[in-house]
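Single-structure report; data block below.
Each value in this text was obtained by applying a stated rule to the coordinates, not by laboratory testing. All values derive from a computational prediction rather than experimental measurement. Don't worry about glycine lacking a Cβ; one is built from the backbone with ideal geometry, like all the others, and counts go over all protein chains shown.
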Amino acid sequence: MLNILLTGGRAPAALELARAIHKAGHTVFMAESLRGHLSQPSNAIAKNFYVPPPRQQTSAFINALKTIIIENRISLLIPTGEEQFYVAMGSDELPCAVFVESINKLNQLHNKWSFVINAIANDLYAPETMLIKSRDDLFHTYARWRDLVLKPVYSRFAAQTLVRPPLKLALSKLTFDPAHPWVAQEYISGQQYHTYSICHNGHITAHATYPSTFTAKRNRAIVFQHVDHPAIFKWVKTFVEKNQYTGQIGFDFIETQNGQLSALECNPRATSGVHLLASHPQFVEALLNPELNCITPINDQSHMLSTPMLTHGLPAALKNGQFRSWLKTFLSSDDVIVNFSDPLPALLQFRGIFSRLYSAMKNRISPLEAANFDIEWNGDHHIS
């Protein structure tokens, strides 16, 4: 059995990983820069460590991880969120195995412009995309497309995404900073899908696909139910093989009514699809065994984040006349945080929300931005 260190305990995906790894018999440790984070009270975690914020104090963060690894005889480090970019920057200094891709490759995939270039270069379909660095670029984009989507090349959770904005609004929102450009894509109507995969040197050992049904703000999925989608799996398999990717990775897709599948962006980290795979008896083996044949969810049980389902899903359902569908989904879905054998994360989950609100006030940013303020990667750190 191994001593395994996780980072990113604020996210439900990290809690899911901790519980699954603990259940498999390993000893789990957690390092986080957010106090009172979601996973902290979990009985699946042998010990929690508060570490410096990776984005603001990268060297101190890496040194803290080194100390934790040495003092607790850690065999494997698995980062889960955007802090993994900073883990990757210092991975050569860490005295244990690290389940993460190189910083150069992670940066290329996280960047929404270079990701599209990568996909097209590997003969994979992605929507036509234009890079915007100036007002002239924006005017040219609006001359080309009537309906479009605008987003920074580095962003997450669609926090700054503008969907079909009037030109006047776009002019007021974009900064036109060549060092921090935006991308524009033609607006595509259709069904959105998300994925989660575990990969070792281009080989997928676990995969899940789930459609976007009920969402919170900015179309963040809050209900997760696996569907078998061969075309999406083929796309992901080809991309992972071509890039010889190692680590956890997710993609966002949209499929039009005529079946045209477009990859919108890449999330080279753990995504909510982990909730669909964690109950599989070979899930932890998928993390540890590069030779394992690809596993998929053992059933189509629906999972959800119940708090956002109440605060965002329900009002939207009432507004759109979908209350019956919402109620059926709410009653039939398993909450990803509630676990009667590990009750404290659910009972104390609002501590993390208060920490985010404090960070938002302290740094004069929105609560959504505060969720990742200390770990987000925007490509502005030096990569050697």
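A few comments on the model shown:
- Which listed residue, of 330, 354, is in a helix (DSSP H, G or I) and surrounded by 13 or more Cβ atoms within 10 Å (Cβ to Cβ): 330
- Scanning the range 212-233 for residues that are more than 14 Å from residue 250 (Cα to Cα) and among the charged types (D, E, K, R) yields 217, 218, 228.
- Hits in the range 129-152 (condition: in contact with a Phe, Trp or Tyr (Cβ under 9 Å, 6 or more places away or on another chain) and either exposed (fewer than 12 other Cβ atoms within 10 Å of the Cβ) or over 20 Å from residue 217 (Cα atoms) (or both)): 129, 130, 131, 132, 133, 134, 135, 137, 138, 145, 146, 147
Per-residue answers, yes or no, for (1) in contact with a Phe, Trp or Tyr (Cβ under 8 Å, 6 or more places away or on another chain); (2) part of a loop (DSSP other than H, G, I, E, B); (3) surrounded by fewer than 21 Cβ atoms within 10 Å (Cβ to Cβ):
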residue	(1), (2), (3)
252	yes, no, yes
257	no, yes, yes
280	no, yes, yes
292	no, yes, yes
300	no, yes, yes
308	no, no, yes
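- Considering residues of the range 156-176 that are part of a loop (DSSP other than H, G, I, E, B) and without any contact (Cβ under 8 Å) to a residue 60 or more places away in the chain only, the residue nearest to residue 253 (Cα to Cα): 161
- Odd one out for residue 369 among (1) closer than 21 Å to residue 38 by Cα; (2) touching a Leu at 6+ places or on another chain (Cβ under 9 Å): (2)
- For the range 177-206, filtering for residues that are charged (D, E, K, R) and either closer than 25 Å to residue 222 by Cα or in a loop (DSSP other than H, G, I, E, B) (or both) leaves 1.
- Of 176, 239, 214, 224, all but one fail to be surrounded by fewer than 20 Cβ atoms within 10 Å (Cβ to Cβ) and of a type in the set (Phe, Trp, Tyr); the exception is 176.
- Criterion violated by residue 232 - all others in (1) of a type in the set (A, V, I, L, M); (2) surrounded by fewer than 18 Cβ atoms within 10 Å (Cβ to Cβ); (3) not in a loop (DSSP other than H, G, I, E, B) satisfied: (2)
- For the range 360-382, residues that are touching a residue at least 40 places away in the same chain (Cβ under 8 Å) and either surrounded by 13 or more Cβ atoms within 10 Å (Cβ to Cβ) or over 19 Å from residue 56 (Cβ atoms) (or both) total 12.
- Residue, farthest from residue 82 (Cα to Cα), within the range 121-155, restricted to residues that are among the hydroxyl-bearing types (Ser, Thr, Tyr) and either in contact with a Gly (Cβ under 7 Å, 6 or more places away or on another chain) or assigned to a loop (DSSP other than H, G, I, E, B) (or both): 134
- With respect to being of a type outside the set (A, V, I, L, M), surrounded by fewer than 21 Cβ atoms within 10 Å (Cβ to Cβ) and closer than 17 Å to residue 226 by Cα, residue 320 falls outside the description.
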